[in-house]
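A short worksheet on the structure shown next.
The values are calculated or read from the model by the stated rules, or taken from the named source; none is laboratory data. None of the values given here were measured: they were computed from a predicted structure. Methodologically, a virtual Cβ is constructed for each residue, glycine included, from the backbone with ideal geometry; neighbour enumeration extends over all protein chains shown. The area values use the complete protein model at the heavy-atom level, side chains included, leaving out ligands, DNA and RNA. Shrake-Rupley method; radii C 1.70, N 1.55, O 1.52, S 1.80 Å.
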Amino acid sequence: MLSSCGGGGSATLTTDSTAQPQAGSVVARTAPMGVLVPLYGYPLVYSGSGATRTTVTNPAWAEVAAQAAAVPTVAIINPSNGPVACSTPPAPTLSAFTQGIAALHAAGVTVLGYVHTSYGQRDPALVQQDVQTYAQCYGVDGVFFDEVSTHADTASYYANAAAAVRQDIQPSSGKPALVAINPGAYPDSAIAAVADITVIHESADAQVLPIPVSLSSISPQKFAYLALRLSDLPQVQTATLTSLYQQGIGYVYLTDQGSGTDPWATLSTQYAAMVQTLQTLNQTQN
């Protein structure tokens, strides 16, 4: 679960013995593996006070920007459990985020705004309002919907939310708006079908489960894998990334953060090493 702002999946589909691909099989890739990083820290950090007060870019934001040339990078920003309202003149928080988003864009990062959905129970009008706020005032490239249900009976709820993103958000890149969802587990195929990226794992372990047959119609390159609180991350990171790459997973983020703290407020201590490993794996395509 994205613990600072609500959970991921409400249930996990059973992975049966006929799930594909089987352990050890390698999926042919048509695109490199990228990073999907929850970048929930404030864009700026401060030190000192009064005349000695200084303001600098949050090191996590700077690191994500610096590494973005090596692998496709999608960052999720979260001003306050969703967007801070538009205002004229812009409030300090809004200004900090728009400036930070501009810097990420300049580095080639795709930026998504966070919206929670309470597993399909949040008022759709409030969800759409958040989408419109991001569209009007933040300049994001799409939306990351959190607390997403895994159950088929909420498919229309998420289809409508995704349609709002694609209608309202016009990325400056000219590309279509991106829709990401976080059930945090394998969802019903009707849920996964509405999104460009579906988080199929969000847990404090690095277990790599095979993709169930029920999702075989969806490219695994549309799936993302998040793992947190990995105390042995330096020892398991390369093997985990290699397994996910061979399975065809499109996006990943592994972090050692989160033991008693928000795992998404600071960057993994192994972020640069993760990007380097992904870059090496991606070169095997060529």
*For the stretch 27-110, rounded, prolate or oblate, judged on the Cα gyration tensor with a ≥ b ≥ c (square roots of eigenvalues), a/c < 1.5 rounded, else prolate if a/b > b/c?*
prolate
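Specify whether the C-alpha gyration tensor of the stretch 123-175 places it in the rounded, prolate or oblate class, a ≥ b ≥ c being the square roots of the eigenvalues: rounded for a/c under 1.5, otherwise prolate if a/b is larger than b/c and oblate if not. Could you put the intermediate results ahead of the total?
Details: a/c = 2.39, a/b = 1.86, b/c = 1.28.
Here the stretch 123-175 falls in the prolate category.
Between ALA152 and CYS86, take the C-beta separation as r, use R0 = 45 Å, and let me know the FRET efficiency to the nearest 0.05. Walk me through the numbers before you get to the answer.
Working: r = 35 Å, r/R0 = 0.78.
The value I calculate is 0.80.
With every protein chain left in place, what is the accessible area per residue of the stretch 101-203 in square angstrom, probe 1.4 Å?
Numbers: 3710 Å² over 103 residues.
Accessible area per residue: 36 Å².
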*How long are the semi-axes of the ellipsoid equivalent to the chain, from square roots of 5 times the Cα gyration tensor eigenvalues, in whole Å, largest first?*
29, 23, 17
*With every protein chain left in place, what is the accessible area of THR154 in Å² (1.4 Å probe, nearest 10)?*
20 Å²
*asked:* Two decimals, Cα atoms only, Kirkwood Rh: what is Rg/Rh over the stretch 193-267?
replied: 0.99
_Local electrostatic count at GLN128 - Lys and Arg +1, Asp and Glu -1, tallied over other residues with Cβ under 11 Å_ = -2
*Just the number, please: carbon plus sulfur as a percent of the accessible area of the stretch 72-223, 1.4 Å probe, no ligands or DNA/RNA counted.*
51 percent
_Quick check of the Kirkwood formula: for the stretch 223-286, what is the inverse mean of 1/r over all pairs of different Cα atoms, in Å?_
12.1 Å
